[in-house]
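The block underneath contains the structure these notes are about, expressed in structure tokens.
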Amino acid sequence: MDAFGVSVCKGLSCKKLTIKRCLIVGAWFGVFQALMPLIGYFLGAQLEACITAIDHWIAFGLLLLIGANMIREALGKESTEEIDGSISFHTMLLLAIATSIDALAVGITFAFLQVHILSAVCFIGCVTFVISAFGVWIGNLCGDKYKKAATITGGAILILIGTKILLEHLGIF
């Protein structure tokens, strides 16, 4: 669902939606949502304390920075320039990591439960790909009419997702 929320934000921030853009965003999130549990699975129980001790802080920090930047750009001077709808390597890498880093712990859990890891990560990756590609499309439909408000809302959603991740791992929420 984190990847879906960020995908909606990506759709909000682009003027012209293409199938290629939906597929690129879906692929980034699908691959990382599948890759992180796979990495966690192979890391195993010996690293569980190290990973779970910091994953929520990393996700929170990245989502806070990205969300705050979206809000800053939306509240800045009006321009005809597009709010950052970039799907560049650097942008998508940060977003993909931020939305999937907590899946490392899921992979570690998979190792304890003796889950068939290839089936699990293929399913996770495919479902995430589909909902993320769809999220870009939904975001773009809303963004045409409500661009400024939608961008502020999208930035706030990213910050809230990061805060939720942090609070869950700290046991507050």
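The values are calculated or read from the model by the stated rules, or taken from the named source; none is laboratory data. Keep in mind that this is a model prediction, so the values were computed, not measured. We place every Cβ from the backbone using ideal geometry, glycine too, and count neighbours over all the protein chains shown. Accessible surface is based on the protein model in full, side chains and every heavy atom, while ligands, DNA and RNA are left aside. Shrake-Rupley method; radii C 1.70, N 1.55, O 1.52, S 1.80 Å.
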Discussion item. One residue is enough: does region 12-27 have a residue meeting the conditions part of a helix (DSSP H, G or I), at pLDDT below 85 and on the phi < 0 side of the Ramachandran plot?
Written reply: yes
Fill in: Qualifying helices (runs of 4 or more DSSP H) (wholly inside region 82-171; at least 3 residues being open to solvent by less than 50 Å² (accessible area, probe 1.4 Å) and modelled with pLDDT of 85 or more)
89-100, 117-143, 147-170
Worksheet, complete the sentence: Note on region 47-81: residues β-branched (Val, Ile, Thr), surrounded by fewer than 19 Cβ atoms within 10 Å (Cβ to Cβ), modelled with pLDDT of 75 or more and more than 14 Å from ALA103 (Cα to Cα) are ILE71
Discussion item. Taking the conditions exactly as written (in contact with a Ser or Thr (Cβ under 7 Å, 6 or more places away or on another chain), open to solvent by 50 Å² or more (accessible area, probe 1.4 Å) and either closer than 20 Å to ALA156 by Cβ or modelled with pLDDT of 80 or more (or both)), does PHE32 satisfy them or not?
Written reply: no
